[in-house]
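For reference, the structure discussed in these notes is given below.
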Amino acid sequence: MHILLVEDDPALADSTARALRSQGWVVDVTARGEPVPLSVRQDPYDLVILDIGLPGIDGFETLRRVRAQGSATPVLMLTARDAVEDRVRGLDAGADDYLVKPFALTELLARARVLHRRAQARIDATLRLGRLKMDLDARRAFVDAQPLELSAREWSVLEYLLGRAGKVVAKEQILQAVAGWDEAISENAIEVYVSRLRAKLDAAGVRIRTVRGFGYLLEGAEDAGGR
Ligand code: CA
């Protein structure tokens, strides 16, 4: 894990950085908030640990600037007192978690691990193949950067197939996965959704092959013998 620690108290910065490094993590330390937005843009940090009370711009303003440039890097805020308004302000500004000083270093390490795991899970919530990308959190699909318009049912069928890319999937399996919100759906309807998806995926480098008498196989166009 690559961590940026923003803390102006030299003793606290030193002990915190040492604890983080003892986990095998790489830690950069800065005492000021101003350089943080640029640092986060240039380096793919896994976590920013951000003190609120800083010389110059404070932790809230630092965080606001980081989020304003579209960065989703997990941020753990350090608040000097257990003030509800500080915590609410931090969370509102886009902090993922906070810790009240003085804190136990073991708790900081545990929080850091949780935030890292959560960020990893968020990354895994994206399915990709060829030029197709499905962001499962935002429920948006793209071919390259171009949004792909899908009906709710087309979305469900594609999500199911894309999650099992390269494997033959029975029509019955798709039916069961999609039938949760529509019991009346038929195998014929699945065929209709698949044919609409094929038309929409034409430019995506993704093919849905029919496996006769059984179901479908979604694969990258280059795997389909197109070379
Ligand atoms: Ca401080």
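The simple Förster model, with R0 at 35 Å and r as the Cβ-Cβ distance, assigns Gln146 and Gln23 a FRET efficiency of 0.30. Rg over Rh for region 24-167 works out to 1.07, both radii taken from alpha-carbon positions and Rh defined as the Kirkwood radius. Between Lys101 and Ser195, the modelled label-to-label distance comes to 6.7 nm, taking each label 7 Å out from Cα in the direction of the beta carbon. When shorter helices are ignored and each DSSP H run of at least 4 residues is given -39500 (n - 2.57), the per-residue value for the chain at 222 nm works out to -12500 deg cm²/dmol. Shown here are the Rg and Dmax of the Cα trace of region 8-52, at 10.8, 28 Å. If you plug the beta carbon distance of Leu109 and Arg81 into 1/(1 + (r/R0)^6) with R0 = 30 Å, you get a FRET efficiency near 0.85.
Taking the DSSP beta bridges in the chain as the whole, what percent of them are antiparallel, to the nearest 5? Just about 55 percent of them are antiparallel.
Averaged over residues, the count of other Cβ atoms within 10 Å places the peptides 136-145, 12-21 in the sequence 12-21, 136-145, highest first. Keeping the other protein chains in place, figure out the carbon and sulfur percent of the accessible area of the chain, with a 1.4 Å probe. Its accessible area is 49 percent carbon and sulfur atoms. One Cα centroid belongs to region 140-159, the other to region 43-61; the line between them spans 36 Å. Taking all Cα pairs closer than 8 Å and separated by 6 or more residues, the relative contact order of region 1-92 comes to 29 percent. For Ala31 and Arg64, the difference between the fully extended length at 0.36 nm per residue and the C-alpha to C-alpha distance is 10.1 nm.
Non-local lysine pairs in the chain, meaning eight or more places apart or on different chains, with alpha-carbon distances under 27 Å, amount to 5. Take the Kirkwood radius over Cα pairs of region 1-78, plug it into Stokes-Einstein at 37 °C and 0.692 mPa s, and you get 268 µm²/s for translational diffusion.
Computed over the chain, relative contact order equals 13 percent, with contacts defined as Cα pairs under 8 Å that lie 6+ residues apart.
The values are calculated or read from the model by the stated rules, or taken from the named source; none is laboratory data. These numbers were taken from a predicted model, which means no experiment stands behind them. Note that we place each Cβ from the backbone using ideal geometry, even for glycine, and neighbour counts take in every protein chain shown. All accessible areas refer to the heavy atoms of the entire protein, side chains included, with ligands and DNA or RNA removed. Shrake-Rupley method; radii C 1.70, N 1.55, O 1.52, S 1.80 Å.
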